[in-house]
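Encoded as structure tokens, the structure appears first; notes follow it.
The values are calculated or read from the model by the stated rules, or taken from the named source; none is laboratory data. For clarity, every value in this text was computed on a predicted model and none was experimentally measured. FYI the Cβ positions are ideal-geometry reconstructions off the backbone, even for glycines, and counts take in every protein chain you see. The protein model used for the area step is the full one, side chains on, heavy atoms only, and it has no ligands, DNA or RNA in it. Shrake-Rupley method; radii C 1.70, N 1.55, O 1.52, S 1.80 Å.
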Amino acid sequence: MRLFLFVLTSVLSGTSIALDNGLMRTPPMGWLAWERFRCDIDCDNDPKNCISEKLFTDMADRLAEDGWRELGYVYVNIDDCWSSMERDQQGRLQADPKRFPMGIHNLSHYMHARGLKLGIYGDMGSHTCGGYPGTPLDKIELDAQTFADWEVDMFKYDGCYSNASEQEKGYPLMSKALNATGRPIGYSCSWPAYQGGLPPKVNYTQLGEICNLWRNYGDIQDSWGSVLSIVDWFFDNQDVLAPAAGPGRWNDPDMLIVGDFGLSLDQSQTQMSLWAIMAAPLFMSNDLRTISADARRILQNKALIGINQDPLGIQGRRIVKEKSGIEVFFRPLQNNGSALVFFSRRSDMPYRYQTSLKKLNYVTGSYELFNAFTYRTMQVKDATDFVVSVNPSGVVTFLVSAPAKINRRQFYSDGKLQGPAFEDAEENSLPPVFL
Ligand code: GLA
């Protein structure tokens, strides 16, 4: 019953309005410079890693040539420290001429020629967080038009050096200004992160109407502690956050740091699995030129990407929190499928956790569990107990097929659930198996 209610409320909430630019019906995927490359502008001494057009064309080449683009990783996003300290003679933002000699417009052509998209960064206050020129209220229309003229595809609007009343005007105004350019530009708002991320200060209904995604919480850092604090905050507040998400409007727990220095392999699998459960935007911030095969395998895992990109766009939740330190996360997927993640907060040894789908509120029936990392499948009846062995700070992640031979009307107990997403779903069909 709990499962039924969860699916029902999630689907119903999916009917409310999203920003009407038709973009990001599934969480956006790509690469974002900030966490890994920060504000390194020392191109004389650190030419490979400084914020310059070379960094973005290098990453674009990797995305296009190493199998990322085909999996959906298409955005190449500039963050802070890209601009010149001065606006041009017409008052427009301009790229630092030394570090971006071809200019942003040519850089967007470079992306488009490779089937990629370009994202750019600005800030609602007098300055960006890194001290570069901001886009305060009186510059919003001009800067939105400049980004459209440069054929940019996404814009992250940060909030340093602005106050609550400016943000209340500025974030909706930028949404209008971007739409008014006529160019579809995905819109990422940092607004809630600057207001503590929770109601009453944050209005998630309004955010869903004006932004495609929004940062709710603090910046991710290259450490397991940082990932864990983000995970804790998002799932502790899931009752507020999950209903806000849906096609075209996503909570953003910040970048993937898989492939950097701070996470073990198990922790990397955990970040990727929980970002998939959360329907989070998947922006990697790593060095794709030197990434390890292990990290790449995790980030390119088709089962996890499939969960993340599920067309229903329902954000998953934590459904079990055991005293033993085991937690279980659940996300409903199309065709009556679902994803389950078993996570261990323990620090001793792999923990053998025994459960059944029935204990996890699944309805009567036979299911197939596909392990997203080992690719093994297991057939279980709802009441069959099974054991998962979960490594310290690691996960076991399953794609769960719909119960075989069960009538959908029965599955939704009274047959009332007839949302459009379910109407064209095939009766009893299994979710795709990714091998
Ligand atoms: C803020 C944002 C980060 C990044 C930096 C850039 O801290 O939250 O994601 O954009 O600014 O200075």
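Listed conditions (1) assigned to a strand (DSSP E or B); (2) open to solvent by 20 Å² or more (accessible area, probe 1.4 Å) are all met by R346, apart from (1). Checking each residue in segment 120-130 for being within 11 Å of the ligand (Cβ to nearest atom), assigned to a loop (DSSP other than H, G, I, E, B) and open to solvent by 30 Å² or more (accessible area, probe 1.4 Å) picks out C129, G130.
A single member of G337, G316, G365, G306 is at positive phi and either open to solvent by less than 60 Å² (accessible area, probe 1.4 Å) or free of Cβ contacts under 8 Å to residues at least 24 places away in the same chain (or both), and it is G365.
Considering Y157, Y187, Y121, Y132, the condition of being modelled with pLDDT of 95 or more, farther than 19 Å from D254 by Cα and either touching a strand residue (DSSP E or B) at 6+ places or on another chain (Cβ under 8 Å) or not assigned by the TED database to the domain that holds W34 (or both) is satisfied by Y132 alone. When the residues of segment 142-163 are filtered to those that are part of a helix (DSSP H, G or I) and of a type in the set (D, E, K, R), the one that is nearest to L116 (Cα to Cα) is D149.
Against the conditions (1) more than 16 Å from the chain's Cα centre (by Cα); (2) at positive phi; (3) away from the ligand (no atom under 16 Å from the Cβ), G248 satisfies every one except (1).
Restricting attention to segment 70-107 and to residues that are touching a Gly at 6+ places or on another chain (Cβ under 6 Å) and not in a strand (DSSP E or B), the residue that is nearest to the ligand (Cβ to nearest atom) turns out to be D80.
Tallying residues that are away from the ligand (no atom under 15 Å from the Cβ) and open to solvent by 60 Å² or more (accessible area, probe 1.4 Å) within segment 27-49 yields 5.
Would it be correct to say that S162 is away from the ligand (no atom under 13 Å from the Cβ), touching a residue at least 24 places away in the same chain (Cβ under 8 Å), open to solvent by 20 Å² or more (accessible area, probe 1.4 Å) and among the hydroxyl-bearing types (S, T, Y)?
On the way: away from the ligand (no atom under 13 Å from the Cβ): no; touching a residue at least 24 places away in the same chain (Cβ under 8 Å): yes; open to solvent by 20 Å² or more (accessible area, probe 1.4 Å): yes; among the hydroxyl-bearing types (S, T, Y): yes.
Considered against the rule, which asks whether it is away from the ligand (no atom under 13 Å from the Cβ), touching a residue at least 24 places away in the same chain (Cβ under 8 Å), open to solvent by 20 Å² or more (accessible area, probe 1.4 Å) and among the hydroxyl-bearing types (S, T, Y), S162 comes out as no.
Scanning segment 135-154 for residues that are more than 18 Å from S52 (Cα to Cα) and either among the basic types (K, R) or surrounded by fewer than 24 Cβ atoms within 10 Å (Cβ to Cβ) (or both) gives P136, L137, D138, K139, I140, E141, L142, Q145, A148, D149, E151.
Per the conditions (1) modelled with pLDDT of 95 or more; (2) not in a loop (DSSP other than H, G, I, E, B), the sole criterion not satisfied by P392 is (2). Given the conditions (1) within 16 Å of the ligand (Cβ to nearest atom); (2) part of a helix (DSSP H, G or I), and given that D61 satisfies all but one, which numbered condition is not satisfied? It fails just one condition, (1). Considered as a group, the residues in segment 233-245 that are touching a helix residue (DSSP H, G or I) at 6+ places or on another chain (Cβ under 8 Å) and open to solvent by 30 Å² or more (accessible area, probe 1.4 Å) include one that is nearest to the ligand (Cβ to nearest atom), and that residue is V240.
Note on segment 224-259: residues that are assigned to a loop (DSSP other than H, G, I, E, B) and without any contact (Cβ under 8 Å) to a residue 40 or more places away in the chain total 1. Could you tell me whether segment 166-179 includes any residue that is in contact with a helix residue (DSSP H, G or I) (Cβ under 8 Å, 6 or more places away or on another chain) and in a loop (DSSP other than H, G, I, E, B)? No, every residue in segment 166-179 fails to be in contact with a helix residue (DSSP H, G or I) (Cβ under 8 Å, 6 or more places away or on another chain) and in a loop (DSSP other than H, G, I, E, B).
Any residue that is within 16 Å of the ligand (Cβ to nearest atom) and outside any loop (DSSP other than H, G, I, E, B) - is there at least one of those in segment 108-116? Within segment 108-116 (the criterion being within 16 Å of the ligand (Cβ to nearest atom) and outside any loop (DSSP other than H, G, I, E, B)), the answer is no, since none of the residues qualifies.
Identify, from the list I230, I140, I220, the residue that is in the same structural domain as D79 (by the TED database), modelled with pLDDT of 95 or more and away from the ligand (no atom under 16 Å from the Cβ). When all the criteria are applied, what remains is I140.
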